[in-house]
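Enquirer: There's a structure below that I have some questions on.
Coordinate-derived values only; no laboratory data. This structure is a prediction, so every number in the text was calculated from the model and none was measured. Because the Cβ atoms are built from the backbone with ideal geometry, glycine has one as well, and the counts that use them run over all protein chains shown.
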Amino acid sequence: MNAITKPRYTFRPGALDAIMRSRNLTTDEQLALFIGVRHADLAKVRAGYPVSAEVALRVSALQGDQNYIAAWFDQYEPTAA
């Protein structure tokens, strides 16, 4: 039986750089604060580490449309072990 899990998302290629440009952010520290992750985790997020649905909704809302998650994220599908 499959357990219900919360959806996870990864940033689309180039999304973090586009967010930095659109918000005039100049440092990774500013970007991490804006998207709601720890600065220490930003490198992982850039490399494709999944973020929670809450982070995806927050970023989408801050970018102008909380219902348009697909503009910034791909849904994360874990591979079977």
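Enquirer: Mind checking the dipole of the chain: about its Cα centre, +1 per Lys or Arg Cβ, -1 per Asp or Glu Cβ, Debye to the nearest 20? Don't skip to the answer; put the middle values down first.
Expert: Numbers: 9 positive and 8 negative charges, 9 e Å.
Once rounded to the nearest 20, the dipole reads 40 debye.
Enquirer: Rounded to the nearest 500 deg cm²/dmol, what is the calculated helix-only ellipticity per residue at 222 nm for the chain, with -39500 (n - 2.57) per DSSP H run of length n ≥ 4?
Expert: Numbers: 4 runs with 31 residues, N = 81.
The helix contribution divided over the chain gives -10000 deg cm²/dmol.
Enquirer: What FRET efficiency would be calculated for the residue pair Ser22, Ala43, taking the C-beta separation as r and a Förster radius of 30 Å, to the nearest 0.05?
Expert: Values: r = 21 Å, r/R0 = 0.71.
E between Ser22 and Ala43, to the nearest 0.05, is 0.90.
Enquirer: Would you grab the residues whose amide H sits under 5 Å from the one on Phe73? Only those 5+ places off in sequence or on another chain, please, with H modelled 1.01 Å from N.
Expert: Arg12
Enquirer: Do you know the relative contact order of the chain, to the nearest whole percent, from alpha carbon pairs under 8 angstrom that are 6+ apart? Intermediate results must be reported in sequence, preceding the final value.
Expert: Working: 77 pairs, mean separation 35.8, N = 81.
Relative contact order here is 44 percent.
Enquirer: What shape does the range 31-81 have by the C-alpha gyration tensor, where a ≥ b ≥ c are the square roots of the eigenvalues, rounded means a/c under 1.5, and otherwise prolate means a/b greater than b/c and oblate the rest?
Expert: On the way: a/c = 2.45, a/b = 1.17, b/c = 2.09.
Oblate shape, in that a/c is at least 1.5 and b/c is the bigger or equal ratio.
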